């Protein structure tokens, strides 16, 4: 049996990290540009937050920086723009955060689904296995010496995904990130899964234990080769990941991360409304920055609805893949 990952250090209390934060301007999935600012970033995992947005205490400012609070539990009615003392509070986005409480066994977890859904999940796993010569095709990478190979497989898949082709969002390719993976593996804070079709990587998942939250495993970066879409490689890999986690017999929270996707709603056992919050000094430059970002978000939302209504969104994705 594989051992459970462990978090390195941390007391689980509320903490902040001083770092660069980029306010990204996008039109849909297309990244336009970013505005980088010095920020104090909250490190507390959302499942450990106990207060409300209005009771949130910010650390003392060091000199004009902003504050970024990701995934803070909040009502979906939270105002997008408001004043908090001398600061402007900007709700970058509101979304449902989905997670699984890993307890009991995998059979018990599957029992929460309908008979039809259970059969569909198992059938997809079996079809992939039959296609793969009777093997599941899943490999786990969790040791420092495996990280370079793991990153290479992930990069091969990520380079073919729609997200990376359009906006550059994919598995990082710089050498520094591989070193970070090695360090996390040495601290037993990473589980890297890759699904193979023979010798070819077809899907990957990067899962890690956030610092200060040893009971959490975050499903952070995932991707699959679009040529294998008909075989549901992402679903097959997730099915095997959950089976592996339940085998460990270590209670944990499997956090699906940011994004309210249908598959997350399907697999999750718990859901919680959260918000990404920015706090900025209320000067005119920051007001222009916030209003510009807010306005672009609203225009993009209208464009996305129109594109979905006309059936253009999927056509664009197919076109990008053809042009790769």
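General remarks:
- The condition of being closer than 19 Å to residue 267 by Cβ, part of a loop (DSSP other than H, G, I, E, B) and either touching a helix residue (DSSP H, G or I) at 6+ places or on another chain (Cβ under 7 Å) or in the same structural domain as residue 202 (by TED's automatic domain parsing) (or both) holds for only one of 123, 112, that being 112.
- Filtering the range 126-144 to residues that are in contact with a helix residue (DSSP H, G or I) (Cβ under 7 Å, 6 or more places away or on another chain), within 23 Å of residue 230 (Cα to Cα) and part of a strand (DSSP E or B) leaves only 138.
- Breaking point among (1) surrounded by 17 or more Cβ atoms within 10 Å (Cβ to Cβ); (2) in the same structural domain as residue 142 (by TED's automatic domain parsing), for residue 200: (1)
- Test: residue in the range 70-82 that is assigned to a strand (DSSP E or B), over 23 Å from residue 255 (Cβ atoms) and touching a residue at least 60 places away in the same chain (Cβ under 8 Å): yes
- For the range 221-241, the set of residues classified as over 15 Å from residue 127 (Cβ atoms) and over 15 Å from the mean Cα position of the chain (by Cα) consists of 225, 226, 227, 241, listed by residue number.
- Test: residue in the range 186-199 that is out of contact with any helix residue (DSSP H, G or I) (no Cβ under 6 Å at 6 or more places or on another chain) and free of Cβ contacts under 8 Å to residues at least 24 places away in the same chain: yes
- Residues in the range 16-73 that are exposed (fewer than 11 other Cβ atoms within 10 Å of the Cβ) and either outside the structural domain of residue 291 (by TED's automatic domain parsing) or out of contact with any helix residue (DSSP H, G or I) (no Cβ under 9 Å at 6 or more places or on another chain) (or both): 20, 33, 36, 50, 54, 55, 57, 60, 62, 63.
The values are calculated or read from the model by the stated rules, or taken from the named source; none is laboratory data. Model, not experiment: these values are computed from the prediction. Note that we place each Cβ from the backbone using ideal geometry, even for glycine, and neighbour counts take in every protein chain shown.
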